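> Sharing a structure with you now.
The values are calculated or read from the model by the stated rules, or taken from the named source; none is laboratory data. This one's a predicted model, so the numbers in the text were calculated from it and none came from an experiment. Every residue, glycine as well, gets a Cβ built from its backbone with ideal geometry; the counts of neighbours run over all protein chains shown.
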Protein chains: 2
Amino acid sequence: MLERIRIVLIGTSHPGNIGGVARAMHNMGLADLALVAPRCEVITQDSISRASGADHLLHSTQVFATIEEAVADCTLAVGASARSRTLPWPMLTPRELADRLPSECQAPSARVALVFGREDSGLTNAELQRCHAHVHIPTNADFSSLNLAAAVQVLAYECRMAWLSQTDNQQPASDPGDTVRPVTVLEADDELASHAALERYFEHLERVLVAIEFHDPDKPRQLMARLRRLYLRARPEQMEMNILRGILSATEKAAQRKHHHE
Amino acid sequence: MLERIRIVLIGTSHPGNIGGVARAMHNMGLADLALVAPRCEVITQDSISRASGADHLLHSTQVFATIEEAVADCTLAVGASARSRTLPWPMLTPRELADRLPSECQAPSARVALVFGREDSGLTNAELQRCHAHVHIPTNADFSSLNLAAAVQVLAYECRMAWLSQTDNQQPASDPGDTVRPVTVLEADDELASHAALERYFEHLERVLVAIEFHDPDKPRQLMARLRRLYLRARPEQMEMNILRGILSATEKAAQRKHHHE
């Protein structure tokens, strides 16, 4: 399960924080670290010192230009958010996220991305809207900004607790570990669509909505955000994605023929 | 409850770690920090920078010469331990500790100390044996040494979760951002669409799919059943239903104009 969880850091500006994240990940048994457009060097004295022996994670890190590339193969993307923004989105506590992980990680192709934003400004609305759900670490209302490595530490710890709750990962008898909690199993008769497939769908959908004159990108009125939220919530399977794409193509054909005749 | 929990750091040698601990504590609503025989300055550029706004905790910190003095008034002392040592001791997971905190903190005179050892060598056996119980944060067996501030972060987070689980600490309506949301499901900013509205949508959808020549009712191939399952799973809100109906109408218009031209 843990090997299917990716930590994605966007626009990080302090190497020390990247090192701290690597240490927290390795401590909790996570190994997949992706950076999106970091605003600092990754391998520095500071990051290596804070990684404190987990610096192999710094060397194996993949660097991407955009969040889309970093989560392209992911079946679930969850963004860490301090507050719910203008458009409410499905919101989880770290523990609710943990409860979902065992079933979310069951398929061999499953990949779960936990996405963290910039030290100073977090994730943008556009980035948050690329996530299926948001996770909020409960904090003191007067002092809510967690250090990046501390935020990763809390979620990575919840990942490990969820992993340990699966009976076959129980520690040897010396460590009683944690009780098994029931999980809601996702009923899928097919594999979930990847994040990249969903993004291609949203692009296609927007083109078609413009073609049929339903959508004006100059007056977006949160239309695409609302549609994203709806379809991300539904967690489409690959087969369903094929159907939805097929409907778009058929619609496009109709709209194009119309323009052809005009 | 949280004001009755003290974090005790023994023999800390890096000011940055003390700052990181102060930040983690303040983030989670803890305020009582005690240092036992620190092996470094407490107020330095490094500790203030890592405290990142929680430096009042550094100034209010009490410094003691021995663990006995630091926990003298405590009704429960729990030592953070990487492993159980020579002499087995009552051992808790962080979550088991959290489960005990509300009752442990009930009396006005109750004080709970969470005791953390040196960065390099942890707590001595003598120190561990001054604690009622030990708490072990589960870690990767190959890389078990947590950063001090990260260890405090995990236990402070569990303290806050335990505090929030008490019904009277559920967030007031005035601070929605800090709320631990009780539900995993969607946050509706609107009422859910009625069943009747969904049925009208499915009828409309089927008509449009026929019009754009995507669907042949004589060869249904479970298409409508699959689309029903997808949209029912998403639990559309009324506003989303309006958008989906709007898209269908715009599609219909495009298709009708096409037929008109033919």
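> Assigned to a strand (DSSP E or B), modelled with pLDDT of 95 or more and not aliphatic (A, V, I, L, M): which single residue out of B:39, B:50, B:6 fits that description? Break it down stepwise before answering.
Numbers: B:39 fails: assigned to a strand (DSSP E or B); B:50 fails: assigned to a strand (DSSP E or B).
The unique qualifying residue is B:6.
> Among the residues of the stretch A:217-247, count how many are part of a helix (DSSP H, G or I) and under 26 Å from the mean Cα position of the chain (by Cα).
Step one: filter the stretch A:217-247 for residues part of a helix (DSSP H, G or I), giving A:223-234, A:238-247.
Among the residues that remain, those that are also under 26 Å from the mean Cα position of the chain (by Cα) are: A:223-234, A:238-245.
The total comes to 20.
> May I ask you to verify whether residue A:81 is within 14 Å of chain B (Cβ to nearest Cβ), surrounded by 23 or more Cβ atoms within 10 Å (Cβ to Cβ) and within 21 Å of residue A:14 (Cβ to Cβ)?
Numbers: within 14 Å of chain B (Cβ to nearest Cβ): yes; surrounded by 23 or more Cβ atoms within 10 Å (Cβ to Cβ): yes; within 21 Å of residue A:14 (Cβ to Cβ): yes.
Against the criterion (within 14 Å of chain B (Cβ to nearest Cβ), surrounded by 23 or more Cβ atoms within 10 Å (Cβ to Cβ) and within 21 Å of residue A:14 (Cβ to Cβ)), residue A:81 qualifies.
> Mind checking which residues of the stretch A:22-36 are within 17 Å of residue A:156 (Cβ to Cβ) and either of a type in the set (A, V, I, L, M, F, W, C) or assigned to a loop (DSSP other than H, G, I, E, B) (or both)? Walk me through it before giving the result.
Initial filter on the stretch A:22-36 (within 17 Å of residue A:156 (Cβ to Cβ)): A:22-35.
Matches in the stretch A:22-36: A:22, A:24, A:25, A:28, A:29, A:30, A:31, A:33, A:34, A:35.
> Still on this structure, please answer the following. Starting from residues that are closer than 25 Å to residue B:26 by Cα and out of contact with any strand residue (DSSP E or B) (no Cβ under 9 Å at 6 or more places or on another chain), keep the ones in the stretch B:121-145 and report whichever is surrounded by the most Cβ atoms within 10 Å (Cβ to Cβ).
First pass over the stretch B:121-145, keeping only residues closer than 25 Å to residue B:26 by Cα: B:122-123, B:131, B:133-139, B:145.
Of the ones still in play, those that are also out of contact with any strand residue (DSSP E or B) (no Cβ under 9 Å at 6 or more places or on another chain) are B:138-139.
On the way: B:138: 22, B:139: 19.
The extreme case among them is B:138.
> Residues in the stretch A:16-24: is at least one among the β-branched types (Val, Ile, Thr), in contact (Cβ under 8 Å) with a residue 60 or more places away in the chain, buried (at least 17 other Cβ atoms within 10 Å of the Cβ) and within 14 Å of chain B (Cβ to nearest Cβ)? Write out each step before concluding.
The first filter runs over the stretch A:16-24 and keeps only residues among the β-branched types (Val, Ile, Thr), leaving A:18, A:21.
Filter once more, so that each one left must be in contact (Cβ under 8 Å) with a residue 60 or more places away in the chain: A:21.
From what is left, the residues that are buried (at least 17 other Cβ atoms within 10 Å of the Cβ) are A:21.
Among the residues that remain, those that are also within 14 Å of chain B (Cβ to nearest Cβ) are: A:21.
Among the residues of the stretch A:16-24, at least one is among the β-branched types (Val, Ile, Thr), in contact (Cβ under 8 Å) with a residue 60 or more places away in the chain, buried (at least 17 other Cβ atoms within 10 Å of the Cβ) and within 14 Å of chain B (Cβ to nearest Cβ), which makes the answer yes.
> Within the stretch B:60-156, considering only helices (runs of 4 or more DSSP H) that don't extend past its boundaries, which have at least 3 residues that are in contact with a helix residue (DSSP H, G or I) (Cβ under 8 Å, 6 or more places away or on another chain)? Step through it out loud before you land on a result.
Details: elements: B:67-70, B:94-104, B:125-128.
Result: B:94-104.
> Here are B:60, B:52: which of them is at the interface with chain A (Cβ under 10 Å from one of its Cβ atoms), among the hydroxyl-bearing types (Ser, Thr, Tyr) and farther than 15 Å from residue B:147 by Cβ?
B:52
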